Ligand code: ADP
């Protein structure tokens, strides 16, 4: 993969990451971190060696979703990632903060520097697939992160309340600038399945994701329900015990 003009950070000798997938969204709160985590868990269930690089530095929620409270160990140039119960390796700025609730108020280029260190200075070991939880939006911060890492493919997470066409168009444009293919769109909170009657209710209206995927030639789509079990799993740090059939299917398709 050559991307002329863009200086990617080198990886350390102790690490070999075969594939990097960036997970993006138009704004915060649509479920990007949840989807990143579910994709990682799905890959783990497929028997892969999996890592998550939490690049959503302004709201790093990955450790919490996996119930990780460890701080980072090692040294500045040999950072040791946290490992989940299932064996997913995780690095997040949260693991360097004194308090989880400390706000992070850095600007794009500084964030890019941190992400580059997460890539270059963390002892990842052998990884089949690394998911990168990107900062929300398609602005400077996200671009800086993309410029720092050798990303192989992008997954867009949207929710039905959003102007999906605009989000997708922007993400596709960013991906084109970086010469990265957009692999999938995940529509989160697309419907609610009534626990009493079993009917699927499209609370926010009809989905426009399939049309967008076709328009931009994006191969894979997945639709996720509003599910209080998922919210609870993310809240309690038990995402590795949560099963999402559409995400598992998507992970298989994306292989
Ligand atoms: P983002 O990373 O886009 O900011 P998160 O993944 O942190 O969003 O999700 C925001 C909140 O919504 C979290 O509390 C999460 O548990 C919840 N959530 C995400 N997806 C769903 C869903 N499909 N059903 C129910 N709750 C969800």
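Laboratory data are not the source of any read-out in this text; all were calculated from the coordinates shown. Because the structure is a prediction, the values reported are computed rather than measured. We place every Cβ from the backbone using ideal geometry, glycine too, and count neighbours over all the protein chains shown.
What to note about this one:
- Calculated mean residue ellipticity at 222 nm for the chain: -9000 deg cm²/dmol, from DSSP H runs with n ≥ 4 weighted as -39500 (n - 2.57), summed, divided by the residue count and rounded to 500.
- Two-decimal Rg to Rh for the stretch 28-177 - Kirkwood Rh, Cα set: 0.94
- By the count of neighbouring beta-carbon atoms within 10 Å, fewest first, 33, 61 end up ordered 61, 33.
- With the simple model of a label 7 Å out from the Cα in the direction of the Cβ, residue 102 to residue 232 spans 3.4 nm.
- Highest average packing first - 176-185, 152-161, 95-104, Cβ atoms within 10 Å: 152-161, 176-185, 95-104
- The Stokes-Einstein estimate for the stretch 181-231, based on a Kirkwood radius over Cα pairs and taken at 20 °C with 1.002 mPa s viscosity, is a diffusion coefficient of 178 µm²/s.
- Per residue, the convex hull spanned by the Cα atoms of the stretch 120-255 measures out at 142 cubic angstrom.
- Beta bridges from DSSP with both residues in the stretch 16-253: antiparallel share about 20 percent, rounded to the nearest 5.
- The long axis of helix 32-45 is offset from the longest Cα principal axis of the chain by roughly 80 degrees.
- Label-to-label distance for residue 211 and residue 123 is 5.3 nm, based on points extended 7 Å past Cα in the beta-carbon direction.
- Cα-based convex hull volume of the chain per residue, rounded to whole Å³: 123
- The stretch 38-75 and the stretch 121-159: distance between their alpha carbon centers, rounded to Å: 13
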